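Encoded as structure tokens, the structure appears first; notes follow it.
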Amino acid sequence: MAISTEQKILIEQRVSNDAKSIVVAYLLWLFLGCLGAHRFYLARAGSGVVMLLLFILGWVLWPIGLILLAPLALWMLVDAFLIPGIVASDKDRIRRDMAQMIAITQAGQQ
């Protein structure tokens, strides 16, 4: 069944309320990116833990730890370009979940 304009507006309101903020993600990336804080915020906890461990081991094993800190710096640079896509996929997931919930509710009412 088709989704009405009212329901589309409801979905977009939910997206704007529940989706991750690209500004917050970039601020975390800028100030705490080496600790993986932006990854934790974007619900990518596994890679956030790896970034955190690379940072800690890099400093504990100094100067040999530079071998670990160099890829971490590269990873942070790549993340600067990945953040918008991660936020967009989060918004798409919310839209998809809401549309599915509306479809289930409509089917139950018939």
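Within the accessible surface of region 1-63, defined with a 1.4 Å probe on protein heavy atoms only, the carbon and sulfur portion equals 71 percent. As a ratio to 2.2 N^0.38 Å, the alpha-carbon radius of gyration for region 63-110 is 2.12. For the chain, the longest principal axis of the C-alpha atoms and the axis of helix 45-60 are separated by about 10°. Over the chain, dividing the summed -39,500 (n - 2.57) contributions of all DSSP H runs of at least 4 residues by the number of residues returns a 222 nm mean residue ellipticity of -27500 deg cm²/dmol.
Please express the shape of region 1-97 as an equivalent ellipsoid: the semi-axes are the square roots of 5 times the eigenvalues of the C-alpha gyration tensor, given largest first in whole angstrom.
Each semi-axis is √(5λ); the values are 36, 10, 10 Å.
Extension gain Phe31-Ala99, at 0.36 nm per residue separation less the Cα-Cα distance, in nm?
Working: separation 68, 0.36 × 68 = 24.48 nm, distance 3.60 nm.
Once the chain is fully extended between Phe31 and Ala99, it gains 20.9 nm.
Dipole orientation for region 1-72: of the candidates Ile11, Trp59, Ala25, Trp59 has the Cα lying most toward the positive pole (charges on Cβ; Lys, Arg +1; Asp, Glu -1). Were the residues from Ala43 through Leu10 laid out at 0.36 nm apart, the gain over their Cα-Cα distance would be 9.5 nm. Between the helical axis of 22-32 and the longest alpha-carbon principal axis of the chain there is an angle of about 20 degrees. Accessible area per residue for the chain is 65 Å², calculated with a 1.4 Å probe on protein heavy atoms, without ligands, DNA or RNA.
The values are calculated or read from the model by the stated rules, or taken from the named source; none is laboratory data. Small disclaimer: the values here were computed from a predicted structure and weren't measured. Backbone-built Cβ (ideal geometry, glycine too); neighbour counts: all protein chains shown. What goes into the accessible areas is simple: the full protein's heavy atoms, side chains included, and nothing from ligands, DNA or RNA. Shrake-Rupley method; radii C 1.70, N 1.55, O 1.52, S 1.80 Å.
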